[in-house]
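Q: Sharing a structure with you now.
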Amino acid sequence: MLFVFCAPKAILNHSRNWRNAFLLLLQKMFILKIKKEFFMKNIHKYILIVLICGLIFFILGYPCRELFRISSTTEVRIVAALPLLFGISFGFAGVLGCAIANLIADIISGYDAIIFIPGFFVQIIYGYVPAVIWNRLRKNDKNKFKLDKVYKNVQYMLIVIFDSLATAFMVVSVIKLKYDEQYFSMLSANIFFNQFITMVIIGIPYLICASLFRQRKIRKKQKKSTKFIFSFSLNEKFILFFLVTSIVISVAIGITSYPSIALKYGEDNLNLWSYVYFYIGAILNIGIWVSLGFLYYMERTVTKPIESMSEIAKTFGQNTDIYERIHNTLQKCQQYIYFTSEVGKLARSYEEIATELDEYVKHLTEATAKQQKVHTELSIATTIQRASLSKPVEVDGFDNYAMMRPALEVGGDFYDNLMIDDDHLALVIADVSGKGVPAALFMMVSKIVLRHNLQQGLSPAEALNRANDELAEHNVHDMFVTCLCGVLNIKTGHLVYANAGHEKPFIKHENGDFEVATLKSGFVLAGMEGYKYKEFEAQLKPGDTIFTYTDGVPEATNEKDEEFGMERLQKVLNDSKDDSIRLLCRKVRMAVKEFAGNAPQFDDITMLAFKMK
């Protein structure tokens, strides 16, 4: 509970109701800085913290009044550090819980109101004020409990010393209200050392444990491994080792010195505990301040440089610009390159690596820009090639469809269909040897030559003859083309065709299955100048379907290096024989894709199919 004796009229005049006045009063008294919303939204949590902190303080502190009493107004207070520590952890609620518990213990112990009422406010002041100072100093830290730097430990020790002095002064001032006590006395020294020793011996281990739990909470928020890991930096390990060692040594000296001091002072508990406190406090101060001085030197010359060097690896894992990462690395190395120790050697090595990496990235950027230019040009070439492919011919009594999927950006396969006159339709499918840009260029030339010959009214055999001679004449790279060329009378179904080394097509008659056509094949185009191709004829009836393709279909391989093969192709065709021409080609494409799985496509895949209705 809080004891408020008066409320200034100025505060009440500026408040619309008693709650606002109460809150404003607490702010003016610097006892509690809190808003109305806190009471409305978090009052249950606040009360729970007060109760738990108060219960812990009472359970640990009250027995000491009976077992370790020093005088009529003081005892060995192992809980003296809890108001500060609970204030750091839980804010004013933690301090308030300790103050209420101490008030109750004072009343039970029979202290007069002149002692326990001021003592209540003393308890709040010496717990809350240093906690606020510590939290303000750590306001930019993710983990305010972490003692990973020497300056943080120095700050904590200074807070403890000044808080202990202030506590001794305030407690003696309260005692003077009833007893005749001097400020500079054995009692005031006893209170100071009790406060100082407990805040160090209990406070530092408490902050270490709180830091670990805070770290675990941060890991959960970052969705990292939530396993409880005692993770300390190199510098933190050095600091904590020396601090804990100093604490253990001072406590051990205090315990071992107690019997001899007890023999000397007997029932004089004030002198007994004052000297025990003095031994512990002296060793603790010497050990900690000497350790901090040594650790400061180590931090500057060893641990901090090593941690900075280790941060360089993390720098390159950040999602930032590569030049920014290199700049940060060079900036960190500049601090240590003049060190003559191993740290300096490591810094100079990192600087050399970063400089070389900077040069490499510049060259890589230039190469990437060139590659991007090539990629853009290939993308344009792909668009041009696709635009050059013929669209299906729409005429009555005839259905046709074609598709091509190159293995690279551009390919060497092509197909063509064009109306020579009102009755005759030319159909071509071809496969140029090789892949990529050379094959694509040779394909464009071959397509133009064949189309020109067919538009002149030449028969399929004559068109192939002329194309073969023209392509072979300037074929300095020994490229060749397989081609199946035909001219269909769309009214009568009469088909005239010639084959230049191309894959045999599949044919299906009405109500029948797809079968491999039995036709003879000639030599490839551009392979031998002067070669003469033979011409063949066939009569198609309504319902007949012809499916042509390039070797990229049956020779497609999967991850086990198995080929798709003619049998699988024939099965897919027969399973889809009642579908439209468009759907038939797409089902073949999907079957090849599913068969290949994650295996790369090594050859262009092209299909052309047509059907007499």
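The values are calculated or read from the model by the stated rules, or taken from the named source; none is laboratory data. The shown structure was predicted, so the numbers you read here are calculated from the model rather than taken from an experiment. No Cβ is skipped: glycine too gets one built from the backbone with ideal geometry, and neighbour counts run over all protein chains shown.
Q: Looking at Leu147, is it outside any helix (DSSP H, G or I) and hydrophobic (A, V, I, L, M, F, W, C)?
A: Answer is yes for this residue.
Q: State which residue is modelled with the lowest pLDDT when the search covers only the stretch 52-84 and only residues that are surrounded by fewer than 17 Cβ atoms within 10 Å (Cβ to Cβ) and closer than 19 Å to Ala210 by Cβ.
A: Leu60
Q: Right, here's the next one. Restricted to the stretch 589-613, and to residues that are part of a helix (DSSP H, G or I) and touching a residue at least 40 places away in the same chain (Cβ under 8 Å), which residue is farthest from Ser390 (Cα to Cα)?
A: Ala596
Quick grid of which residues meet (1) aromatic (Phe, Trp, Tyr); (2) more than 21 Å from Gly54 (Cβ to Cβ):
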{"position": "Tyr126", "(1), (2)": "yes, no"}
{"position": "Val132", "(1), (2)": "no, no"}
{"position": "Asn135", "(1), (2)": "no, no"}
{"position": "Asp180", "(1), (2)": "no, yes"}
{"position": "Ile191", "(1), (2)": "no, yes"}
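Q: Could you identify the single residue in Gly552, Gly522, Gly527, Gly543 that is surrounded by fewer than 17 Cβ atoms within 10 Å (Cβ to Cβ) and either modelled with pLDDT of 95 or more or outside any strand (DSSP E or B) (or both)?
A: Going through Gly552, Gly522, Gly527, Gly543 in turn, the sole match is Gly543.
Q: While we're on this one: So for the stretch 424-436 (the condition being outside the structural domain of Gln372 (by TED's automatic domain parsing), closer than 22 Å to Asn489 by Cα and surrounded by fewer than 18 Cβ atoms within 10 Å (Cβ to Cβ)), does at least one residue qualify?
A: Yes, some residue in the stretch 424-436 is outside the structural domain of Gln372 (by TED's automatic domain parsing), closer than 22 Å to Asn489 by Cα and surrounded by fewer than 18 Cβ atoms within 10 Å (Cβ to Cβ).
Q: Can you spot a residue in the stretch 32-46 that is at positive phi, at pLDDT below 55 and surrounded by fewer than 17 Cβ atoms within 10 Å (Cβ to Cβ)?
A: There is no residue in the stretch 32-46 that is at positive phi, at pLDDT below 55 and surrounded by fewer than 17 Cβ atoms within 10 Å (Cβ to Cβ).
Q: Pull up the stretch 176-211, narrow it to residues that are without any contact (Cβ under 8 Å) to a residue 12 or more places away in the chain and over 22 Å from Phe68 (Cβ atoms), then point me to the one that is surrounded by the fewest Cβ atoms within 10 Å (Cβ to Cβ).
A: Checked the stretch 176-211; the qualifying residue surrounded by the fewest Cβ atoms within 10 Å (Cβ to Cβ) is Asp180.
Q: Let me ask you something else. Collect the residues in the stretch 530-540 that are part of a loop (DSSP other than H, G, I, E, B) and closer than 30 Å to Arg582 by Cα, keeping them in residue-number order.
A: Those that are part of a loop (DSSP other than H, G, I, E, B) and closer than 30 Å to Arg582 by Cα: Glu535, Leu540.
Q: Answer with yes or no whether Gly119 is outside any helix (DSSP H, G or I), without any contact (Cβ under 8 Å) to a residue 60 or more places away in the chain and more than 30 Å from Thr301 (Cα to Cα).
A: It is false that Gly119 is outside any helix (DSSP H, G or I), without any contact (Cβ under 8 Å) to a residue 60 or more places away in the chain and more than 30 Å from Thr301 (Cα to Cα).
Q: For the stretch 93-115, how many residues meet the condition of being buried (at least 17 other Cβ atoms within 10 Å of the Cβ) and closer than 27 Å to His44 by Cα?
A: 13
Quick grid of which residues meet (1) closer than 21 Å to Asn499 by Cβ; (2) part of a loop (DSSP other than H, G, I, E, B); (3) modelled with pLDDT of 85 or more:
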site: Ser390; (1), (2), (3): yes, yes, no
site: Asp399; (1), (2), (3): no, no, yes
site: Glu409; (1), (2), (3): no, yes, no
site: Tyr415; (1), (2), (3): yes, no, yes
site: Asp422; (1), (2), (3): no, yes, yes
site: Ala426; (1), (2), (3): yes, no, yes
site: Ala430; (1), (2), (3): yes, no, yes
